[in-house]
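Before any comments, here is the structure.
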Amino acid sequence: MSLDSAKLNLWLSLRRFFRREFLPVLTDLRLAIILLLAIAVFSISGTVIEQGQSVAFYQANYPEEPALFGFLSWKVLLSLGLDHVYRTWWFLALLILFGSSLTACTFRRQLPALKWFSRTWKFYKQPHQFRKFALSAEFSHATVDNLVPLIEKRYQVFREGDALYASRGLVGRVGPIVVHASMILILVGAIWGAMTGFMAQEMVASGDSFKVQNIVDAGPWAAPQIPQDWSVRVNRFWIDYTPTGGIDQFYSDLSVIDDQGQEVKHKKIFVNEPLRYRGVTFYQTDWGIAAIRIRLNKSPILQLPMARLNTNGQGRLWATWIPTKPDLSAGVSLVARDLQGMLLLYDTTGQLINTVRPGMGVEVNGVTLKIEEVVGSTGLQIKADPGIPFVYSGFALLMLGVLMSYISHSQIWALQKDGKLYVGGKTNRAHVAFEREFLGMLEQLGKPTVVPDAVNAIASQEA
């Protein structure tokens, strides 16, 4: 046997295996249901388990002793990739396998079925062919010409001599194909978004500019989506408070700056009102205190950074140390809770020595300390997901396909032969409504000479 013959035999064997063994399994409805359930379960886990957090976060919230449900510790969670479910190889493999199953089913079953239905307006030329219909009748004093006026307003009618075919609602047969196509489009969008999208977080002080750099989660092909030729400036950050002192809303006034230093977009954002530019979305998610501006006696305004204190979940506090002597041998600690409240001053022994508000001055260690401004910082979550247009289009197509699928595909055949008229019909859904319509049509044609038991049963129910 030559090498070419061996290759040909191998190719034919693989083709037979694919068509006879693999393809039937791939198009099996049970496999599709199992895959869909698995995708749903892991999608839920990605919603319940916080995604894209630090290792320390998972160590604190998913300890080994006691492990959640007896097994889910931070080590198990990280090893399985449950901290970034939607970008794991196994989740993407599930999506690809489910999409392949839908595609194979569409081309092997749905499209051939549609092609067959589009040809079913072939005409029945023999009376015995009408015996297969549960709804059929035989008339001795009616013709095809009598039938046409009764159905032509509701059906598309085709005639070939004394044979007739009428149908309506063929779009109902297209509906399942549209549903399959929409689900494939949604899967394509999800996979494309997972491979090319990214998520970043930035904490930016009011008045500063930044480029997207702090990437916390990204797909393998996300680099082109990360902006390099433009930046964002935080013009101002502020908080609106309620009369009782609680936070009502926090805002960021943002400007998009191109590489020439020109503002190309400007927007005030707040929770649920993000800034979108070139496929990148900036969400207002957090806030903090970046720095404090002070004046000692008649010195120039000094800006000192503030650091967030670890309070073990007992609230938010920021602090800094303010020197009161040029040689830094003396100073006070300043603690702040928010951007407008009372600021606390502590000496080197940890004793509270005074309180002050922004805009006020106070005497400490022989100098006048004036708080000019508390500089806030905005916490931004930045996302890019190029697959979203595909997903949204897929959901719109899915809703359309579901509506189309509810449309009944009804068909009527008729044949006039040997002085008799044979009529039969069927539908794929809304059987009761079609049966009543069919019975009403028979009554208008006259009294049939032969009526099947099914039609008699319907007539007796109507009576």
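Summary table
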read-out	value
Options Pro227, Pro274: the member that is under 28 Å from Asp83 (Cβ atoms), crowded, with 16+ Cβ neighbours inside 10 Å and either outside the structural domain of Val375 (by TED's automatic domain parsing) or in contact (Cβ under 8 Å) with a residue 40 or more places away in the chain (or both)	Pro227
Residue in segment 128-146 that is loosely packed, with under 15 Cβ neighbours inside 10 Å, of a type in the set (Val, Ile, Thr) and either assigned to a helix (DSSP H, G or I) or touching a residue at least 12 places away in the same chain (Cβ under 8 Å) (or both) present	no
Given (1) of a type outside the set (Asp, Glu); (2) at pLDDT 90 or above; (3) assigned to a helix (DSSP H, G or I), index of the condition Arg154 fails	(3)
Of all residues in segment 415-437 being among the basic types (Lys, Arg) and touching a residue at least 40 places away in the same chain (Cβ under 8 Å), the one that is nearest to Ser140 (Cα to Cα)	Lys420
Selection count, segment 268-318, where residues are in a loop (DSSP other than H, G, I, E, B) and β-branched (Val, Ile, Thr)	3
Test result for Leu334, free of Cβ contacts under 8 Å to residues at least 40 places away in the same chain and either touching a Leu at 6+ places or on another chain (Cβ under 9 Å) or not in a strand (DSSP E or B) (or both)	no
Segment 285-316, residues that are over 30 Å from Asn272 (Cα atoms) and either charged (D, E, K, R) or outside the structural domain of Val234 (by TED's automatic domain parsing) (or both)	Arg293, Arg295, Lys298
Test for Thr324: is it modelled with pLDDT of 90 or more and either within 30 Å of Val364 (Cβ to Cβ) or surrounded by 14 or more Cβ atoms within 10 Å (Cβ to Cβ) (or both)	no
Enumeration of residues in segment 277-309 that are β-branched (Val, Ile, Thr) and either surrounded by fewer than 17 Cβ atoms within 10 Å (Cβ to Cβ) or closer than 23 Å to Ala223 by Cβ (or both)	Val280, Thr281, Thr285, Ile301
Residue within segment 166-188 that is free of Cβ contacts under 8 Å to residues at least 40 places away in the same chain, crowded, with 20+ Cβ neighbours inside 10 Å and not small (Gly, Ala, Ser) present	no
Strands (runs of 3 or more DSSP E) fully within segment 352-433 counting 3 or more residues that are over 24 Å from the mean Cα position of the chain (by Cα) and among the charged types (D, E, K, R)	367-384
Breaking point among (1) touching a Gly at 6+ places or on another chain (Cβ under 9 Å); (2) farther than 24 Å from Ser299 by Cβ, for Thr349	(1)
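The values are calculated or read from the model by the stated rules, or taken from the named source; none is laboratory data. Owing to the predicted nature of the structure, the values given are computational and were not obtained by experimental measurement. We place every Cβ from the backbone using ideal geometry, glycine too, and count neighbours over all the protein chains shown.
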